[in-house]
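The structure appears right after this line, and notes come after that.
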Amino acid sequence: MKRFEGRVALVTGASRGIGRAIALQLAAEGAIVAAAARGANAQAVADEIVAAGGRATAVPLDVTDAEAVVAAVGGVVAMHGRLDILVSNAGITRDQLMLRMKRSDWDEVIATNLTAAFTLCQAALRPMLKQRGGRIIAISSVVGQMGNAGQANYAASKAGLIGLCKSLAREVGSRHVTVNAVAPGFVATDMTKALTEGSQEQWMAQIPLGRLGTPADIAAAVCFLASDEASYITGQVLAVNGGMYT
């Protein structure tokens, strides 16, 4: 029996990169996946899962729209009767040095990366507490742990996710809901490909394992935290960064 057989997972930012890898891996291990992404982007990954023999539904969703988030979570529960796993992954960057950063660059990153996670967690907790069990996993970042020049907004949002997870873990542990964060390092995605060659080389020089992470590396960590094997782990940050920050 697959370890997520019969469980329902909602993954945001599921159309590409880390989110797509997480959605595919959860489905491959038996989960019914609600793949959430903006506009029509969610349908492609849902179709990919179904084509591989898995079960998935597409959830078109702008995570910064609080009413839409609540409706989406409610729709998943109405369709499947439960919600076992929430992976809050959707995120953006608006990099700029502090003195040049526009207020809109700050607001958009905080709204997408942090406030949306609050809305998602709040909505997901209702069914999870009712069924007395669940897994919440937020995708943070090594930048939220160590900081990075030109990413004050992104670092603040990802550090905020860690604080959110640690606090929430204390609130809901008695109902058998675990809350953890995964902090990826430098992972090969569209987001990191946009960096200059010089920036990429600078990051690579800090990785003792000598290679970029892959979306599959992060998906494996998420699936572990979502599994029964991690039932006694909550309020933690699982760093998947090749040793670049310890």
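Within the chain, what is the longest stretch that has no trypsin sites (Lys or Arg not before Pro) placed in a DSSP loop and near at most 15 other beta-carbon atoms within 10 Å? Result for the longest clean stretch: 133-210. Length gained on full extension, Lys166 to Thr246, computed as 0.36 nm times the residue gap minus the Cα-Cα distance: 26.9 nm.
Taking Asn148, Asn180, Asn41 in turn, the Gaussian network model of the chain (Cα-Cα springs below 10 Å) assigns the largest fluctuation to Asn148.
When the C-alpha to C-alpha distance is required to be over 25 Å, the pairs from Lys102/Lys193; Lys130/Lys158; Lys158/Lys193; Lys2/Lys158 that qualify are Lys130/Lys158; Lys2/Lys158. Comparing Ala124, Ala46, Ala149 in a Gaussian network model of the chain, where Cα atoms under 10 Å apart are tied by springs, the biggest mean-square fluctuation is seen for Ala149. Just to be sure I understand: with springs between alpha-carbon atoms less than 10 Å apart, which residue in Thr234, Thr178, Thr119 has the highest mean-square fluctuation in the Gaussian network model of the chain? With Cα springs under 10 Å in the chain, the top fluctuation among Thr234, Thr178, Thr119 is at Thr119. Using C-alpha pairs under 8 Å with a sequence gap of at least 6, the mean separation divided by the residue count of segment 8-236 gives a relative contact order of 19 percent.
Averaging the sequence gap over all C-alpha pairs within less than 8 Å and six or more residues apart, then dividing by the number of residues, gives segment 22-62 a relative contact order of 45 percent.
Taken together, the values in this text are just the output of simple stated rules run on the coordinates, not laboratory data. Because the structure is a prediction, the values reported are computed rather than measured. All Cβ positions, even for glycine, are placed from backbone atoms using ideal geometry, and neighbour counts span all protein chains on display.
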